[in-house]
Amino acid sequence: MNNFSTKIVLILLIAVLLSACDAVKKVPANQHLLTKNTLQVDGKKVKDEDVVAHIQQQPNSNILGIKLRLHMYNLAKENTDSIFKAKYNQNPKKYYRLAKLLSKKQINRLSKSFWYYGWHNFLRKTGEAPVIIDTIKTARSVKRLKAHYFNLGYFDAVAKHKIDYLKNKKGKIHYEVVKGEPTFLDTISTNIQSPVIDSLYESVKRKSQIKIGQQYKTENFDSERTRLTSYFRNNGVYHFQQQNIFFEIDTTSKKAPVIVNITNREYKINDSTKTKPYEIYKIGEVNIFTNDLSNRNQKQVADSAIYKNFNIYSTNRLRYRPKALTDAVFIQKGNVYSDENRTLTLRSLSNLRVFNYPNIQYVEDTLTKTVKANIYLISKDKYSFRANADFTHSNIMDFGIAGSTSFSIRNIFRGAEILELGLRGNIGSSKDLANPNNQFFNLSEVGADLRLTFPRLFLPFNTDRIIPKRMFPNSLISLGFSKQTNIGLDKENLTSTINYSWVPNKNTDIKLDLINLQYVKNVNIDNYFNVYNSSYNRLNNLAELYNTDPTLVDANGNLTIPTGSNQFITNALQNIYPSLDPNSTDYKNIKSIKERKDRLTENNLIFASNFSFSKNNKTDFFDRQFYSFRSKVEVAGNFLTVLSDLSNQPKNDDGTRDFFGLTYSQYIKTDFEFIRHWDLKRNKSIAFRSFFGIAIPYGNSKSIPFSRSYFAGGTNDNRAWQSYSLGPGSSGGLNDFNEANMKIALNTEFRFKFFGDLNGAIFADCGNIWNVFDNETDETKIFSGVQSLKNLALGTGMGFRYDFKFFIVRFDYGFKTYNPALKEGEKWFKEMRLNKGVLNIGINYPF
């Protein structure tokens, strides 16, 4: 703790020195630096960001009370060119000596160098100019505060301000608001000129955003205007405009009557404006025009078709089955006009991924009161090729170079299907894996994927009633193969998936893997003890105590890999060594090492189905206050169990059964994740994440496959521990890759802006993994109830993030604040030292 305390004192000293800088250095004479705003509403101090945001001038930003950006700005020198010239004008000899080394042109360039110009320019741009008290902006702030409370129904609100001019060119502004009595809505009546609109209004007025007895709020009236406009335009009122709705409110009364006015349609004839009642318009005709990309300017029709009241035209031979096009169109002949159907159609056509920017134009027929919908589609190229390369970083790979290519065939069966063939490969470096040749690039992988997507549910029966097309159903059939070399045990991985997905509403996604097949083959099993060094070291230490066979060790007395290590385990478990008691802890440790080796080297056959549900309330990409929820349930092995029973497959010695010579996995796994973001305004926010997952083996399995297990630690988890190094439980991460079948994780971040595109964060990560309901016998790794929650590890730290607009580079430094693996009395704060911290480098936010 002494080193830690010294660092804290040093940081505090730096903070004091910075705060002692002259904050008013660049404040002009007779002007004042704004140091503080205070706001009182009805005599009570208010700090609500939504209210304070109406004050135009805010004091200079600070970090932990230090106005860092202001001090940076004050450090920058002005007129650096003049300073540079004066430096040599006052000392000609110095200029002459410099001119001997450099030309005059080079000396002029020196004035624009980073030292003389660039550094000060950086300070000015990155820093923050002093906020000078501006009486005009202060008056505007008073008006905005009054308007804010007016919009909340306080029509008699009074706002004023007072400026306190202090010594040393500083000042404070005090704002005061007296709200007065609020106004409530009394009666609500209507004045609707068009009978059609009046009828529609009556059918939905019970859902109104404005209600009798409600306190007046401008936002409620805005919401009601938007709601009505949307409803009218989605129910046939083609010409309706939002400005035709206005409200009359008596602002002089505390119980105000409201009149909802909806005027007739306005239209122009020559230079005069006339009005007439609104009318319901229906869809008279739907025309779909398809055009090849190469002939986008071609207008003649070479092929056409009529399908279910849709007219389809093509400039070349029609490349699409009519049903494939019409299934993506929500605009139907004979239906009333609807903005929503237009939006759904555009989205659905875009989701097909075979057209460039679909366009819909309406043509009005005033005689029949119909509109003709013309849908224009420009086809993308049937064939496309893409290649890319990336630099990567992951939980296992410290640095990697990845490349991939893909070849696509669009509309392969004339139903907007897309066939994609992808090839990929990467090489990488990891200090955590076995690397006997000491190569920098000690990881590699090659793979191929074949994907076929359908813009509908690919099933032998009709599902429109269960999952209608407005949910944008999609099907994916995929087949993939990859081969890893120098990564662990050099795995070969074969995967196959039949996946269905649909979107019940804007913020909800559902995915169903009807079949998720994975076969993992370990090619280089003999490399096990080179990869899992911790297991080897423990085994080697035990061999020094009990081994009596000199052929199992090398010249240094260490077990050879793989022969010596494997044979020592066999001898030990067959009671070859007299000094090794079968009831001893050492015997159990050797047995545990063998069981882990068998589990991690066995080939896995996983035949699973899973269901995923995700929901969020995020309005757009820039929304900083939202929640998201994700859950997933996966069941594996049941179908193969039924086939094994039907075919009378014999049982192995351990009670399991094989399928085509492979022992298959059987388990149920479920995950739950909840994320919540709070926007604190002024570029500050809090992000919270909670995760719980559990995978329970049963039937044909006593443990979970490594690829389906959980790990803790790493860039997107508990950042005070490296990936796979935390847990299980209080065991202390004895293995190289620690994993288990149950996980709890809680993460919280306070995010704030430093300056420019540089942001910061203070975080706390809590969590761990445990074994439960499997064949693990080590009590330190097993979750045994509520008392095991004391083994939740806590990591804290801070990070920096630089925003490159299209992605964010993240640096987080975590400290082990509470380590459950340490002895009692040493779990808290014993490892909060720089040399014990963990640096995490990641892309984008962790959650």
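The values are calculated or read from the model by the stated rules, or taken from the named source; none is laboratory data. Note that this is a predicted model, so its numbers are computed, not measured. Glycine gets a Cβ as well: all are built from the backbone with ideal geometry, and neighbour counts include every protein chain shown.
Test of understanding: among 284, 213, which residue is small (Gly, Ala, Ser) and exposed (fewer than 13 other Cβ atoms within 10 Å of the Cβ)? If you could, list the steps in order and put the result at the bottom.
Numbers: 284 fails: exposed (fewer than 13 other Cβ atoms within 10 Å of the Cβ).
Criteria check complete, one pass: 213.
Quick grid of which residues meet (1) surrounded by 19 or more Cβ atoms within 10 Å (Cβ to Cβ); (2) within 25 Å of residue 506 (Cβ to Cβ); (3) outside the structural domain of residue 189 (by TED's automatic domain parsing); (4) not hydroxyl-bearing (Ser, Thr, Tyr):
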position: 259; (1), (2), (3), (4): no, no, no, yes
position: 310; (1), (2), (3), (4): yes, no, yes, yes
position: 339; (1), (2), (3), (4): no, yes, yes, yes
position: 346; (1), (2), (3), (4): no, yes, yes, yes
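Just wondering, is there one or more residues in the stretch 189-200 that are part of a strand (DSSP E or B), touching a helix residue (DSSP H, G or I) at 6+ places or on another chain (Cβ under 9 Å) and either more than 30 Å from residue 266 (Cα to Cα) or among the charged types (D, E, K, R) (or both)?
Here is the first cut: in the stretch 189-200, the ones part of a strand (DSSP E or B) are 189-192.
Cutting the leftovers down to touching a helix residue (DSSP H, G or I) at 6+ places or on another chain (Cβ under 9 Å) gives us 190, 192.
Then drop every residue that is not either more than 30 Å from residue 266 (Cα to Cα) or among the charged types (D, E, K, R) (or both), which leaves none.
The answer is no; no qualifying residue exists.
Look at the stretch 632-643 and say how many of its residues are part of a strand (DSSP E or B) and surrounded by 15 or more Cβ atoms within 10 Å (Cβ to Cβ).
First pass over the stretch 632-643, keeping only residues part of a strand (DSSP E or B): 632-636.
From what is left, the residues that are surrounded by 15 or more Cβ atoms within 10 Å (Cβ to Cβ) are 632, 634-636.
Number satisfying all stated conditions: 4.
In the same structural domain as residue 368 (by TED's automatic domain parsing), surrounded by fewer than 13 Cβ atoms within 10 Å (Cβ to Cβ) and not in a loop (DSSP other than H, G, I, E, B): is that true of residue 306 in this structure? Give the steps one after another, and end with the answer.
Working: in the same structural domain as residue 368 (by TED's automatic domain parsing): yes; surrounded by fewer than 13 Cβ atoms within 10 Å (Cβ to Cβ): yes; not in a loop (DSSP other than H, G, I, E, B): yes.
It is true that residue 306 is in the same structural domain as residue 368 (by TED's automatic domain parsing), surrounded by fewer than 13 Cβ atoms within 10 Å (Cβ to Cβ) and not in a loop (DSSP other than H, G, I, E, B).
Select from the stretch 694-708 the residues that are of a type in the set (Gly, Ala, Ser) and crowded, with 17+ Cβ neighbours inside 10 Å and write down the one among them that is nearest to residue 669 (Cα to Cα). It would help to see each step written out before you state the result.
Going through the stretch 694-708, the residues of a type in the set (Gly, Ala, Ser) turn out to be 695, 699, 701, 703, 707.
Okay, now just the ones that are also crowded, with 17+ Cβ neighbours inside 10 Å, so 695, 699, 701, 703.
Values: 695: 4, 699: 14, 701: 13, 703: 12 Å.
Per the stated criteria, the residue is 695.
In the stretch 520-545, what residues are in contact with a Pro (Cβ under 9 Å, 6 or more places away or on another chain) and of a type in the set (Phe, Trp, Tyr)?
Just the residues of the stretch 520-545 that are in contact with a Pro (Cβ under 9 Å, 6 or more places away or on another chain), to begin with: 520, 525-530.
Selection gives 528, 529.
Test each condition in (1) part of a loop (DSSP other than H, G, I, E, B); (2) among the hydroxyl-bearing types (Ser, Thr, Tyr); (3) under 38 Å from the mean Cα position of the chain (by Cα) for residue 368 and report the one that comes out false.
Looking at each condition in turn, residue 368 falls short on (3).
If you go through the stretch 819-847 one residue at a time, how many are over 28 Å from the mean Cα position of the chain (by Cα) and outside any loop (DSSP other than H, G, I, E, B)? Talk me through it step by step, then tell me what you get.
Initially, the stretch 819-847 is screened for residues over 28 Å from the mean Cα position of the chain (by Cα), giving 819-836.
Of the ones still in play, those that are also outside any loop (DSSP other than H, G, I, E, B) are 828-831, 834-836.
Of the residues in that region, 7 qualify.
Please determine, by comparing only the residues of the stretch 797-808 that are within 16 Å of residue 719 (Cβ to Cβ) and not small (Gly, Ala, Ser), which one is surrounded by the most Cβ atoms within 10 Å (Cβ to Cβ). Write out each step before concluding.
Quick first cut of the stretch 797-808, residues within 16 Å of residue 719 (Cβ to Cβ) only: 797-801, 808.
Within this subset, residues satisfying the condition of being not small (Gly, Ala, Ser) are 798, 800-801, 808.
Working: 798: 15, 800: 14, 801: 20, 808: 15.
Ranking the qualifying residues of the stretch 797-808, first place goes to 801.
Residue by residue through the stretch 227-251, note down the ones that are among the hydroxyl-bearing types (Ser, Thr, Tyr) and touching a residue at least 40 places away in the same chain (Cβ under 8 Å). Steps first, please.
Of all residues in the stretch 227-251, those among the hydroxyl-bearing types (Ser, Thr, Tyr) come to 229-231, 238, 251.
Those that are among the hydroxyl-bearing types (Ser, Thr, Tyr) and touching a residue at least 40 places away in the same chain (Cβ under 8 Å): 230, 238, 251.
Whether any residue in the stretch 748-755 is in contact with a Gly (Cβ under 8 Å, 6 or more places away or on another chain), surrounded by 20 or more Cβ atoms within 10 Å (Cβ to Cβ) and assigned to a loop (DSSP other than H, G, I, E, B) is what I want to check.
no
Go through the stretch 220-275 and give me each residue that's at pLDDT 95 or above, out of contact with any Lys or Arg (no Cβ under 8 Å at 6 or more places or on another chain) and β-branched (Val, Ile, Thr).
226, 229, 237, 258, 259, 260, 262, 263
Within the stretch 496-531, how many residues are crowded, with 16+ Cβ neighbours inside 10 Å, in contact (Cβ under 8 Å) with a residue 24 or more places away in the chain, more than 27 Å from residue 564 (Cα to Cα) and among the polar types (S, T, N, Q)?
Summing the residues that are crowded, with 16+ Cβ neighbours inside 10 Å, in contact (Cβ under 8 Å) with a residue 24 or more places away in the chain, more than 27 Å from residue 564 (Cα to Cα) and among the polar types (S, T, N, Q) in the stretch 496-531 gives 4.
Between 707, 701, which is in a loop (DSSP other than H, G, I, E, B) and either assigned by TED's automatic domain parsing to the domain that holds residue 767 or polar (S, T, N, Q) (or both)? Walk me through it before giving the result.
Working: 707 fails: in a loop (DSSP other than H, G, I, E, B).
Every option except 701 fails the conditions.
Do the conditions hold for residue 827, that is, is it over 29 Å from residue 755 (Cα atoms) and buried (at least 20 other Cβ atoms within 10 Å of the Cβ)? Steps first, answer last, please.
Working: over 29 Å from residue 755 (Cα atoms): yes; buried (at least 20 other Cβ atoms within 10 Å of the Cβ): yes.
It is true that residue 827 is over 29 Å from residue 755 (Cα atoms) and buried (at least 20 other Cβ atoms within 10 Å of the Cβ).
Filtering the stretch 809-821 down to residues that are among the hydrophobic types (A, V, I, L, M, F, W, C) and touching a residue at least 40 places away in the same chain (Cβ under 8 Å), which residue is surrounded by the fewest Cβ atoms within 10 Å (Cβ to Cβ)?
The initial filter retains those residues of the stretch 809-821 that are among the hydrophobic types (A, V, I, L, M, F, W, C), namely 809, 811, 815, 821.
Filter once more, keeping what is touching a residue at least 40 places away in the same chain (Cβ under 8 Å): 815, 821.
Details: 815: 20, 821: 18.
The selected residue is 821.
Name, by its number, the condition in (1) outside any strand (DSSP E or B); (2) out of contact with any Ser or Thr (no Cβ under 8 Å at 6 or more places or on another chain); (3) β-branched (Val, Ile, Thr) that does not hold for residue 251.
Status for residue 251: all satisfied but (2).
Would you confirm whether any residue within the stretch 120-128 is charged (D, E, K, R), outside the structural domain of residue 50 (by TED's automatic domain parsing) and surrounded by fewer than 17 Cβ atoms within 10 Å (Cβ to Cβ)?
Going residue by residue through the stretch 120-128, those that are charged (D, E, K, R) are 124-125, 128.
After this cut, where a residue has to be outside the structural domain of residue 50 (by TED's automatic domain parsing) as well, the list is none.
No, that holds for no residue.
For the stretch 37-55, name all the residues that are in a loop (DSSP other than H, G, I, E, B), closer than 20 Å to residue 679 by Cβ and not charged (D, E, K, R).
46, 53, 54, 55
Taking into account only those residues within the stretch 403-421 that are in a strand (DSSP E or B) and surrounded by fewer than 17 Cβ atoms within 10 Å (Cβ to Cβ), which is modelled with the lowest pLDDT? Steps first, answer last, please.
If we filter the stretch 403-421 for residues that are in a strand (DSSP E or B), which is where we start, we get 403-410, 418-421.
Next cut, surrounded by fewer than 17 Cβ atoms within 10 Å (Cβ to Cβ) only: 403-407, 409, 419, 421.
Numbers: 403: 85, 404: 89, 405: 94, 406: 93, 407: 96, 409: 96, 419: 97, 421: 96.
Only one residue tops the list, namely 403.
If we scan the stretch 429-449, do we find a residue that is surrounded by 16 or more Cβ atoms within 10 Å (Cβ to Cβ), modelled with pLDDT of 90 or more and out of contact with any Asp or Glu (no Cβ under 9 Å at 6 or more places or on another chain)?
yes
Residues of the stretch 373-388 being touching a Leu at 6+ places or on another chain (Cβ under 8 Å) and outside any strand (DSSP E or B), which ones? So that I can check it myself, show each step before the final result.
So the first thing to find is which residues in the stretch 373-388 are touching a Leu at 6+ places or on another chain (Cβ under 8 Å), and the list is 375, 377-381.
Across the stretch 373-388, the qualifying residues are 380, 381.
Specify the residue that is modelled with the highest pLDDT; the eligible residues are those in the stretch 1-18 that are more than 37 Å from the chain's Cα centre (by Cα) and under 26 Å from residue 131 (Cβ atoms).
Selected residue: 17.
Given the criteria out of contact with any Gly (no Cβ under 7 Å at 6 or more places or on another chain), in a helix (DSSP H, G or I) and surrounded by 13 or more Cβ atoms within 10 Å (Cβ to Cβ), does residue 186 qualify? Give the derivation first.
Numbers: out of contact with any Gly (no Cβ under 7 Å at 6 or more places or on another chain): yes; in a helix (DSSP H, G or I): no; surrounded by 13 or more Cβ atoms within 10 Å (Cβ to Cβ): yes.
Criteria not met by residue 186.
I want to confirm something. Restricting to the stretch 564-587 and keeping residues that are assigned to a helix (DSSP H, G or I) and out of contact with any Asp or Glu (no Cβ under 9 Å at 6 or more places or on another chain), which single residue is surrounded by the fewest Cβ atoms within 10 Å (Cβ to Cβ)? Explain how you work it out, then say what you get.
Start the filter on the stretch 564-587 by keeping residues that are assigned to a helix (DSSP H, G or I), which leaves 564-573, 585-587.
From what's left, out of contact with any Asp or Glu (no Cβ under 9 Å at 6 or more places or on another chain): 565, 569-570, 573, 585-586.
Details: 565: 25, 569: 19, 570: 11, 573: 14, 585: 8, 586: 16.
Residue satisfying both the conditions and the ranking: 585.
Could you please let me know if residue 210 is of a type in the set (Val, Ile, Thr) and in the same structural domain as residue 39 (by TED's automatic domain parsing)? Step through it out loud before you land on a result.
On the way: of a type in the set (Val, Ile, Thr): yes; in the same structural domain as residue 39 (by TED's automatic domain parsing): no.
No; evaluated as a whole, the condition is false for this residue.
Of all residues in the stretch 572-598, how many are in contact with a helix residue (DSSP H, G or I) (Cβ under 8 Å, 6 or more places away or on another chain) and either closer than 22 Å to residue 737 by Cα or not hydrophobic (A, V, I, L, M, F, W, C) (or both)?
Residues flagged as in contact with a helix residue (DSSP H, G or I) (Cβ under 8 Å, 6 or more places away or on another chain) and either closer than 22 Å to residue 737 by Cα or not hydrophobic (A, V, I, L, M, F, W, C) (or both) within the stretch 572-598 amount to 12.
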